[in-house]
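The values are calculated or read from the model by the stated rules, or taken from the named source; none is laboratory data. Just so it is clear, the structure is predicted and the values come from calculations on it, not from any experiment. Virtual Cβ from ideal backbone geometry, glycine too; neighbours counted across all protein chains shown.
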Amino acid sequence: MKLKDFCLYFIFLFSTTVCIAQYNLSGKVINQNTNQPIPQAEVYNRTTDKLIKTDDKGEFVFTNLKPGKYTLEFLSDQFDIATIEVAIASSSQQITVQMKPLLIQLSEVIIEDRRNEVLGLTRLKDIEGTSIYAGKKTEVVVLNKQMGNMAANNARQVFSQVVGLNIYESNDGGLQLNIGGRGLDPNRSAYFNVRQNNYDISADILGYPESYYTPPAEGLDRIEVVRGAASLQYGPQFGGLVNFKMKTPVSNKKMEVTTRQTFGSYNFITNFTSLSGTVDKFSYYTYYNYKQGDGFQPNSEFKSHNYFGNFNYQFTERTSLSLDYTYFTYLAKQPGGLSDTMFEENPMQSNRKRNWFEVNWNLMTLKFKHKFNSSTDLSFNLFGLYAQRNTVGYRSNRVSDADTPGTVRDLITGKFSNWGFETKLLHRYNFFGNKNAFVLGAKYYDAHNTAKQGPGSSGSDANFNYATDEFPYYKNQSDYTYPNKNIALFGENIFKITPKFTITPGVRFEYIDTKAIGSYRTINLDFAGNVILDETTNENKNLSRSFVLLGTGLSYKPVDGLEFYTNFSQNYRSITFNDLRIIEPSYVIDKNLSDEKGYTFDGGIRGKISNKINYDISAFGLAYNDRIGQIITRYNEIFPESEDERPVKYRTNVGDAFMYGLEFFTNVSLQKTFFNEQNENYNWNIFVNAAFTKSKYTKSRLSGIVGNEVEFIPLVNLKTGMSFGYKKFMSNLQLTYLSDQYTDATNAPLDVKNQNGIIGQIPSYHIMDLSFSYIFTKSIKLETGINNLTDNKYFTRRATGYPGPGIIPSAPRTYYATLQLQF
């Protein structure tokens, strides 16, 4: 697209504004039995898709409404749901609504089910805040509704109702999230734009988009997932968006304290304590989270501290300012990877005693929101990150090699210092009698990161100081600075062609400037250990590029509760600085790596049937050009001058690939389907989450690749489960199954006699998880469960570097119990 056309597109979006009507709908919500007001009741205007709460007097108001009929739904924890229809003709209306008290106390999960039923929180609305999601494939994980080991951030339970995710399971208490899907590498969720409260939390969104920090599930309200079409508003990533929405301050107390203490297998201990409240115009939500554990393998202990604070000031009804600060640090010992033979013999073993990993994360953001009127909203977000990650350990290419004390360890340190801002303007307007809306935004991002590799100490402790004096001729030595800049402009517009049919085109302009400034050493030794070459090479690389991404979404809603949708979006992923210089003993990086490009398509049908069945059935296609992947080869085939014949993974632009499949999700209320729908003592649901994915390489400059399957794609990815509740008791049984998948583009098969560990398939596996909870009083709750109920032996990852190299085994049967106190 030419720049002239691009500018005209933005001018058109700015120019479409029309005035709106000015009637108000106000009212009061009272207890049917006592006539007392009900404060903090949720009032949902289904017609306008707007949610508000009653004040301390039980009063509410919707402003600037057009004449017509409006359906209002009222929800409060201890009352029956009330639904009324109000007509506005030629003047403002005032109503009084009576809510009937419940005769029994509902469990937290049942209350959340009622809320989801009213608000439709299983997917994002067409417009939320200053973002547009019309026509996109979206999913929402409501954390109060999920059951499982939340203290350990068990990803297969937390994300059980998000379709098609491929998850690397680690042994660190859920300190890092590793999710992929549709053929994307799950390692540290690097193919998603990962955010917290709508701001970036990864190390460097383009230069190093890896997430070393993951918010604790106990502090989350919900997780929003938007697939590839999120590239137009959130960045060009192939995976789309994962946004962690933290809990918000309680509005009816000056202080509420919640503390959760968890004990589990292998000395797993956590404490999560939060403070929340509202005082006049000031509100806050803050927590401290401590975790420690020994891990199920030797040499796998970990310890972490996490603090989060959200502080808000509501200047007026239309203007607010909020500050978020996150501190996260953890230290983990890493047991290393296993070969296939070692895994078959005993997956609980470790052959590394000196490997350590450390993270220190500081995130801060300042967010300003202003509502100019009922039609126009503005958000401005200023954010910054100062962080570091350090790894030290023995990392022989041969997994079975002994880790000899007193020898050199490999040390990699990285520091991340970046800041930026993102602003959005959303405006609603009428066009040919229909409600339309557009969002315009801009983002600036400035990063100054460093990465250094060299000799680590010969000891066994977590020493992250370089031992250059002790090992001056260590082979892997480099020191780089990576200044990166990114400027983005984006816009989307919902065109409502008819009241039931919308088209949402969008555009995003990206300017990316990446630099690599530093040096690396080339050191060769003879067989006697004498230095025959010691050469330092200086580099100063600069790569600037700009491009435009286009996309569009279509939505057709013929009746209430039914939607047909489809969307198309272009995607882009730049090479990272980890691809450029960091040396791993088990793989070699192509020095001519180039950026990846492609597009994503989604189309499907979603909706609900009589508040009993919720479903989303869709097909997708993902075209991936110049895909960066790994092939198995020998070192001397890459470097013919070398006599080294060891097998390695060669990381290069393997070729063009295409992934396609069917994704299916449904949640069925058996209690409402087969029994008395009005009896809220019971809660009985089943869900099925299934993805069937095929793939192949369609083009490659490498021999033996075309026609092969793409790595990280199981043909079948299934999560299904059943939950049952009676009054204050809830239980959940979940089954997870993934068929086998390749880990490299050459489709190397599984070989249980393999001594390498980085080569071969990941075999199919299944796991069952069982969870229970019971609410004793409003202040006391107990949760417990068993993960991997059948004690299966399996793994989800073959690591080429940390925490391996080799097979990273997954946890055996484990137990946990959580006691929650709230007052």
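Brief remarks on what is shown
- Among the conditions (1) surrounded by fewer than 21 Cβ atoms within 10 Å (Cβ to Cβ); (2) more than 21 Å from F357 (Cβ to Cβ); (3) among the charged types (D, E, K, R); (4) under 29 Å from the mean Cα position of the chain (by Cα), the only one that E422 does not satisfy is (1).
- Beta carbons closer than 6 Å, at least 6 apart along the sequence or on distinct chains, pair a first residue in the range 379-398 that is β-branched (V, I, T) with a second that is part of a strand (DSSP E or B) for T391/F357; T391/I412; V392/W356; V392/R409; V392/L411; V392/G456.
- Sole exception among (1) under 22 Å from V588 (Cα atoms); (2) of a type in the set (S, T, N, Q); (3) over 26 Å from the mean Cα position of the chain (by Cα) for S779, by number: (1)
- Condition check for R627: at pLDDT 85 or above, under 30 Å from E645 (Cβ atoms) and not acidic (D, E): yes
- If you go through the range 176-219 and pick out every residue that is among the aliphatic types (A, V, I, L, M), under 29 Å from A134 (Cβ atoms) and over 12 Å from the mean Cα position of the chain (by Cα), you end up with 3.
- Of the criteria (1) over 34 Å from the mean Cα position of the chain (by Cα); (2) β-branched (V, I, T); (3) within 30 Å of L206 (Cβ to Cβ), which one T552 fails: (1)
- Residue within the range 437-444 that is surrounded by 22 or more Cβ atoms within 10 Å (Cβ to Cβ), closer than 26 Å to Y330 by Cα and among the aromatic types (F, W, Y) present: no
- Residue count, the range 355-393 (criterion: within 31 Å of the chain's Cα centre (by Cα) and either over 30 Å from G336 (Cα atoms) or part of a loop (DSSP other than H, G, I, E, B) (or both)): 19
- Cβ-Cβ under 8 Å pairs, at least 6 apart or on other chains, the range 121-144 side under 22 Å from T376 (Cβ atoms) and free of Cβ contacts under 8 Å to residues at least 40 places away in the same chain, far side surrounded by fewer than 19 Cβ atoms within 10 Å (Cβ to Cβ) and of a type outside the set (A, V, I, L, M): none
- Selection within the range 665-680 - polar (S, T, N, Q) and either modelled with pLDDT of 90 or more or crowded, with 16+ Cβ neighbours inside 10 Å (or both): T666, N667, S669, Q671
- Scan the range 124-171 for residues that are of a type in the set (S, T, N, Q) and part of a loop (DSSP other than H, G, I, E, B) and the total you get is 9.
- Qualifying residue in the range 687-703 (condition: part of a loop (DSSP other than H, G, I, E, B), among the charged types (D, E, K, R) and touching a helix residue (DSSP H, G or I) at 6+ places or on another chain (Cβ under 7 Å)): no
- Set L562, L593, L554, L549: member being within 27 Å of S211 (Cα to Cα), in contact with a Gly (Cβ under 9 Å, 6 or more places away or on another chain) and either hydrophobic (A, V, I, L, M, F, W, C) or modelled with pLDDT of 95 or more (or both): L549
- Subset of the range 296-335 [outside any loop (DSSP other than H, G, I, E, B), polar (S, T, N, Q) and in contact (Cβ under 8 Å) with a residue 60 or more places away in the chain]: S304, N306, N310, N312, T326
- One residue from Y330, Y307 being crowded, with 16+ Cβ neighbours inside 10 Å, under 24 Å from the mean Cα position of the chain (by Cα) and of a type in the set (S, T, Y): Y330
- The single condition from (1) farther than 30 Å from L821 by Cα; (2) surrounded by fewer than 17 Cβ atoms within 10 Å (Cβ to Cβ); (3) in contact with a strand residue (DSSP E or B) (Cβ under 6 Å, 6 or more places away or on another chain); (4) among the aromatic types (F, W, Y) that Y774 fails is (1).
- Strands (runs of 3 or more DSSP E) (entirely within the range 200-287) containing at least 2 residues that are in contact with a Lys or Arg (Cβ under 6 Å, 6 or more places away or on another chain): 220-226, 241-246, 268-279
- Failed item, numbered, when N449 is tested on (1) assigned to a strand (DSSP E or B); (2) modelled with pLDDT of 95 or more: (2)
- Every residue from the range 284-304 that is buried (at least 22 other Cβ atoms within 10 Å of the Cβ) and either in contact with a Cys (Cβ under 9 Å, 6 or more places away or on another chain) or of a type in the set (K, R) (or both): K291
- The set of residues from the range 244-290 being free of Cβ contacts under 8 Å to residues at least 24 places away in the same chain and within 27 Å of the chain's Cα centre (by Cα) comprises N271, T273, L275, Y288, Y290.
- Residues in the range 505-535 that are exposed (fewer than 11 other Cβ atoms within 10 Å of the Cβ) and part of a strand (DSSP E or B) were compared, and the one that is farthest from the chain's Cα centre (by Cα) is I532.
- Among the criteria (1) more than 24 Å from the chain's Cα centre (by Cα); (2) under 30 Å from D77 (Cβ atoms), the one N756 does not fulfil is (2).
- Qualifying residue in the range 610-629 (condition: out of contact with any strand residue (DSSP E or B) (no Cβ under 6 Å at 6 or more places or on another chain) and surrounded by fewer than 18 Cβ atoms within 10 Å (Cβ to Cβ)): yes
- The range 779-794 - residue that is of a type outside the set (S, T, N, Q) and not in a loop (DSSP other than H, G, I, E, B) and, of those, farthest from P347 (Cα to Cα): I780
- Against the criterion of being at pLDDT 95 or above and assigned to a strand (DSSP E or B), G607 does not qualify.
- For the range 688-725, a tally of residues being among the aromatic types (F, W, Y), at pLDDT 95 or above and surrounded by fewer than 20 Cβ atoms within 10 Å (Cβ to Cβ) returns 1.
- Long-range neighbours under 9 Å by Cβ, at least six apart or interchain, first residue without any contact (Cβ under 8 Å) to a residue 24 or more places away in the chain and surrounded by 24 or more Cβ atoms within 10 Å (Cβ to Cβ) within the range 223-241, second of a type in the set (A, V, I, L, M) and not in a loop (DSSP other than H, G, I, E, B): none
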